[in-house]
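All of the numbers you see were taken from the coordinates with simple rules; none came from a lab. Since this is a predicted model, take the numbers as computed values, not measurements. For neighbour counting, all protein chains shown are included, and Cβ atoms are generated from backbone atoms with ideal geometry for every residue, glycine included.
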Amino acid sequence: MGLKITPIPAFRDNYIWLLHDSGHAVVVDPGDAIPVIAALALRHLTLDAILITHHHADHTDGVSELLSTYPATVYAPARGKYKFHHQAVGEGDTIVLDHLHSRLQVIETPGHTHDHVVYYGANCLFCGDTLFGCGCGRLFEGSSQELYHSLQRLAKLPPQTQVFCAHEYTRHNIEFARKLDPDNAALLRRELEVNTTLAQQRPSLPSTIALELATNPFLRCTSPAIRVALPGDNPETIFGVMRELRNSF
Ligand SMILES: [Zn+2]
């Protein structure tokens with residue numbers, strides 16, 4: 001069969017990622033149970049596990065209802081507080097998904113929230129609200145330095161890694177990026193591709209680490225264009241200024 005990964009759209013712009021193989025499934029960040037139950041029923045899947053990246057309600061509110069229907073194991077960040085029964089995970093932990101023949105590594109990525117973790121394995125990165133298509137998460141709890149270092153760790157993953165973000169923010173992020181990096185040909189190409197994809201009502205994700213390195217301004221704070229566009233004498237400061245500007249864009 002082989003591992004399949006599909007987005008379950010939820011709310012206005014969330015994606016709940018569904019991983020499945022041979023009748024067994026795992027979901028990432030189920031903020032709403034109803035579309036997940038429908039997606040599982042449609043494909044005749046049993047839910048084995050739920051992965052949580054951080055505590056925000058739009059990533060967790062469906063968990064209790066799913067647990068009342070499926071005997072799934074929930075993995076959630078050790079640094080967060082969760083009202084449902086779960087296995088706490090942190091830096092260096094490995095989650096073995098037997099039926100999916102996959103192992104995922106836990107990487108702590110504080111910044112968007114203190115507890116945020118991402119899951120990496122099988123050439124896939126489930127990065128919640130840390131890294132977005134051509135952008136990154138807002139700073140709700142952490143400092144811009146923390147988020148900068150979290151993103152730098154993700155930037156070092158293999159370039160072919162597929163990046164599964166939790167929101168469809170790519171188009172707006174590209175508009176912002178184009179203001180800072182207008183002569184970037186890869187970014188212009190991505191803009192055209194994303195516009196076509198979204199017009200066909202398909203998700204702009206997954207992207208890849210290689211594509212993010214080439215186009216995402218938050219990973220390009222050392223590039224000449226960004227250094228000219230924004231004040232600051234080191235990449236961390238430039239990143240902080242960029243994150244601040246993006247809040248009001
Ligand atoms: Zn969030």
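Results, tabulated for the structure shown:
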{"quantity": "For the chain, size of Cβ-based charge dipole, Lys and Arg +1, Asp and Glu -1, in debye", "calculated": "420 debye"}
{"quantity": "Taking the C-alpha atoms of the stretch 178-249, convex hull volume expressed per residue in Å³", "calculated": "97 Å³"}
{"quantity": "Largest-first principal axis extents of the Cα set of the stretch 60-119 (Å)", "calculated": "33, 28, 14"}
{"quantity": "Contour excess over end-to-end distance, with Cα ends at residue 228 and residue 44 and 0.36 nm allotted per residue", "calculated": "60.9 nm"}
{"quantity": "With eigenvalues of the C-alpha gyration tensor scaled by 5 and rooted, the stretch 127-249, Å", "calculated": "21, 16, 14"}
{"quantity": "Nearby aspartates and glutamates by direct alpha-carbon distance to residue 4 (threshold 18 angstrom, same-chain neighbours under 8 apart not counted)", "calculated": "21, 29, 48, 98"}
{"quantity": "Length released on extending from residue 103 to residue 244, taking residue separation times 0.36 nm less the Cα-Cα span", "calculated": "47.2 nm"}
{"quantity": "Trypsin sites (Lys or Arg not before Pro), loop per DSSP, at most 15 other Cβ atoms within 10 Å - longest free stretch of the chain", "calculated": "157-249"}
{"quantity": "Per DSSP, loop GluC sites (Glu not before Pro) in the stretch 37-130 with at most 13 further Cβ within 10 Å", "calculated": "91"}
{"quantity": "Backbone HN-Hα couplings from phi across the stretch 88-100 [Karplus 6.51/-1.76/1.60, Hz, Gly and Pro as x]", "calculated": "6, 10, x, 3, x, 6, 10, 9, 9, 9, 3, 5, 9"}
{"quantity": "Percentage of interatomic Cα-Cα distances in the chain larger than 29 Å", "calculated": "27 percent"}
{"quantity": "Dipole of the stretch 4-247, positive direction: furthest Cα of 169, 142, 195, with charges on the beta-carbon", "calculated": "195"}
{"quantity": "Ranked packing of 208-216, 31-39, most packed first, by mean Cβ within 10 Å", "calculated": "208-216, 31-39"}
{"quantity": "Selected from 180, 51, 154 as most flexible by GNM, with the chain as the system and alpha-carbon contacts under 10 Å", "calculated": "180"}
{"quantity": "For the stretch 155-208: Kirkwood Rh in Å [reciprocal of mean 1/r, alpha carbons]", "calculated": "12.0 Å"}
{"quantity": "Percentage, to the nearest whole number, of Cα pairs in the stretch 27-105 over 16 Å apart", "calculated": "48 percent"}
{"quantity": "Projected label distance in nm at residue 155 and residue 73, using a 7 Å step from Cα toward the beta-carbon", "calculated": "3.5 nm"}
{"quantity": "Highest-fluctuation residue, 67, 192, 157 considered, GNM on the chain with Cα pairs under 10 Å", "calculated": "192"}
